[in-house]
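Read the figures in this text as sums done on the coordinates, not as results from a lab. Since the model is a prediction, treat every value here as computed from it, not as a measurement. As a convention, Cβ positions derive from the backbone with ideal geometry for all residues, glycine included, and neighbour counts pool all protein chains shown.
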Number of protein chains: 2
Amino acid sequence: MDSVRVFAPATVANLGPGFDVLGLAVTGPGDVVEARRTDAPGVVIEEITGDDGRLTHDPAKNTAGVAAAEALRIIGAQGGVALRLHKNMPLGSGLGSSAASAAAAAWAVAILHQFEDKSALMPACLAAEASVSGYHADNVAPALLGGMVLIKGYRPLQLQTIPIPKKLVIVLVTPRFELPTAKARSVVPQSVPLCDMIINNGHLAAMIAACFRDDAIEFGKAVVDAIVEPARAALIPAFSTVKSAALGQGAFGCSISGAGPTVFAVCDSRPAGERVGEAMRAAFSAAGLESAVNVAVPDMAGARRIAG
Amino acid sequence: MDSVRVFAPATVANLGPGFDVLGLAVTGPGDVVEARRTDAPGVVIEEITGDDGRLTHDPAKNTAGVAAAEALRIIGAQGGVALRLHKNMPLGSGLGSSAASAAAAAWAVAILHQFEDKSALMPACLAAEASVSGYHADNVAPALLGGMVLIKGYRPLQLQTIPIPKKLVIVLVTPRFELPTAKARSVVPQSVPLCDMIINNGHLAAMIAACFRDDAIEFGKAVVDAIVEPARAALIPAFSTVKSAALGQGAFGCSISGAGPTVFAVCDSRPAGERVGEAMRAAFSAAGLESAVNVAVPDMAGARRIAG
């Protein structure tokens with residue numbers, strides 16, 4: 001095989017109480033990487049679309065480029081790869097844009113070389129994330145593997161797939177307002193009051209229990225974050241009214257997706273999700289912000305080959 | 001019914017990563033409360049055994065007395081109760097001694113009044129704990145309800161029972177050395193580095209997943225605490241060598257039970273537990289401390305009536 005097209009999904013990191021340890025892949029827009037084998041070693045980025053010209057074509061500084069180069073190394077491949085990267089979600093939106101590009105690029109390289117072990121590509125994806133926003137796996141792991149992933153530990157990297165309640169619907173509302181990950185990370189407290197940690201811990205444990213009990217409602221009610229959400233909420237105009245609108249329309253929980261500004265809400269049916277999404281959109285609109293609504297469900301496949 | 005005898009088990013709080021949110025009831029020594037209805041309202045403590053005369057008979061300052069008084073109030077009972085309290089575990093050992101007395105007393109009062117809702121007695125047990133060591137439920141909840149209990153939240157109190165891996169064996173080694181809960185609480189950091197919280201969170205989530213997957217080995221490997229264990233370890237002579245001895249004999253995890261000084265280890269069979277317990281006892285002994293070993297399994301019943 002000489003060329004391949006690979007899609008990787010958007011992802012919701014943290015999910016409320018799971019800062020840096022939980023992430024969920026969701027349906028809807030994701031990134032596409034076209035990869036072509038080259039005789040010359042190394043990675044070339046031939047084209048990037050959908051980024052308004054803002055991403056670098058330097059493969060050493062682009063997450064797709066870094067992930068592809070590391071994947072070639074892990075596989076021990078001869079030759080190199082040329083990439084075309086198609087961004088289908090806004091940058092700096094809290095939907096794991098850089099992670100989707102990395103996961104798609106790494107998996108594309110793997111397919112070109114008949115390499116089938118996704119988990120073995122995780123170091124490539126982590127290296128890519130580290131090059132732009134720090135060493136964290138809560139977006140790249142679900143973008144690559146699909147579903148909901150728990151990062152049990154980082155040294156060494158230990159991942160677990162967690163079952164997902166069948167009725168889970170995740171409403172994602174992305175205001176047209178960019179929040180650079182670096183800025184969103186800068187407000188995260190480096191020291192956490194013990195009492196807040198206990199609140200998050202109780203809800204994190206309850207969220208995992210809800211997953212195994214197939215209970216979307218209890219999953220939503222476990223979306224509580226006393227630590228990072230309060231710090232980041234101030235960076236998202238109208239966050240508290242958007243959250244109130246979601247809960248007022250019956251969402252079981254609502255918080256910030258990853259570093260934001262996308263806000264996510266948990267429902268247990270698509271009609272409820274549509275209603276909640278509209279209320280959230282209207283709340284952003286009342287604050288003068290347009291937003292895009294995606295009523296999503298979990299994406300169980302993660303990075304995968306697509307036609308064309 | 002005019003009198004009743006009730007047993008309540010020892011409990012392991014925290015379980016590594018679950019500070020203040022997880023507790024497990026275990027077989028072995030527990031406390032016994034004999035309760036007798038009285039015409040006069042209020043609580044009288046007629047006798048306490050097994051405490052070397054150290055616990056107060058003042059019902060307003062003894063956890064059994066406080067729990068009994070609150071239980072009478074919750075039930076709306078006429079008259080009062082006279083208690084005899086038999087302590088079968090050492091005070092200040094990290095095995096939930098005060099919680100066992102509270103749970104036994106509250107449940108004894110309930111039985112005397114044909115009141116069958118254990119959960120409704122939780123506020124009585126919490127009030128009792130608060131009177132001696134702070135408002136926390138991780139010992140009283142499992143002492144009352146049995147099994148493993150998650151405290152999802154405190155305001156309002158939200159409890160969940162978590163399933164337990166069938167092969168779980170908990171080795172408890174209690175050195176003859178008292179560590180007052182107040183002292184053990186005083187060294188707990190009130191502010192936690194974010195990076196340590198992430199370590200604990202990953203392991204807490206993995207522990208809940210292991211419970212639902214019926215995996216005693218993964219449960220044990222999730223016994224990791226980067227926050228409280230390092231602070232309390234310094235208060236327990238030879239803790240690090242005792243832990244090394246446990247892991248060296250094949251325990252899957254090892255940490256401090258509650259506020260200590262009891263050290264617990266996780267195994268998946270009784271023979272392994274016996275071997276691990278002996279190694280831990282020998283390690284304490286080498287440091288000049290005698291210790292008592294209890295190779296336990298989960299106690300699923302919690303507070304219950306016993307004969308006699």
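Numbers below:
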read-out	value
Segment B:Lys61-B:Leu91, extension gain: residue separation times 0.36 nm, minus the distance between their alpha carbons	9.3 nm
Listed residue (A:Gly308, B:Gln190, B:Ala130) projecting farthest to the positive dipole end of the protein assembly as shown, Cβ model	A:Gly308
Sorted largest first, extent of the protein assembly as shown alpha carbons per principal axis (Å)	87, 58, 35
Nearest-first distances (nm) between copies at A:Thr56, label 7 Å from Cα via Cβ	6.8
Net length gained if the chain between B:Ser240 and B:Ala130 were fully extended (0.36 nm per residue, minus Cα distance)	36.5 nm
Cα-based Rg / Dmax (Å) for the range A:223-308	14.0, 45
Chain B: proportion of alpha-carbon pairs further apart than 28 angstrom, %	35
Those lysines that a straight Cα-Cα span of less than 21 Å connects to A:Lys87, excepting residues fewer than 8 apart in one chain	A:Lys61
Inter-label distance for B:Met300 and B:Thr49, nm, one decimal - labels placed 7 Å from Cα along Cα-to-Cβ	3.1
Span from the the range B:121-195 Cα centroid across to the the range B:204-235 one, whole angstrom	14
Using θ = phi - 60° and Karplus 6.51 cos²θ - 1.76 cosθ + 1.60, couplings along the range B:40-55 (whole Hz; Gly, Pro as x)	5, x, x, 10, 10, 9, 7, 7, 10, 10, x, 10, 6, x, 8, 8
Rg ratio (alpha-carbon, reference 2.2 N^0.38 Å) - the range A:89-220	1.16
Cα pair count fraction exceeding 24 Å, expressed as % - the range A:169-296	27
Two-site FRET efficiency, B:Asp117 against A:Arg213, from Cβ-Cβ distance with R₀ of 25 Å, rounded to 0.05	0.65
Under 21 Å from the Cα of B:Lys118 - lysines, other chains or at least 8 residues apart	B:Lys152
Gain upon complete extension [A:Met1, A:Arg270; 0.36 nm per residue less C-alpha separation]	92.9 nm
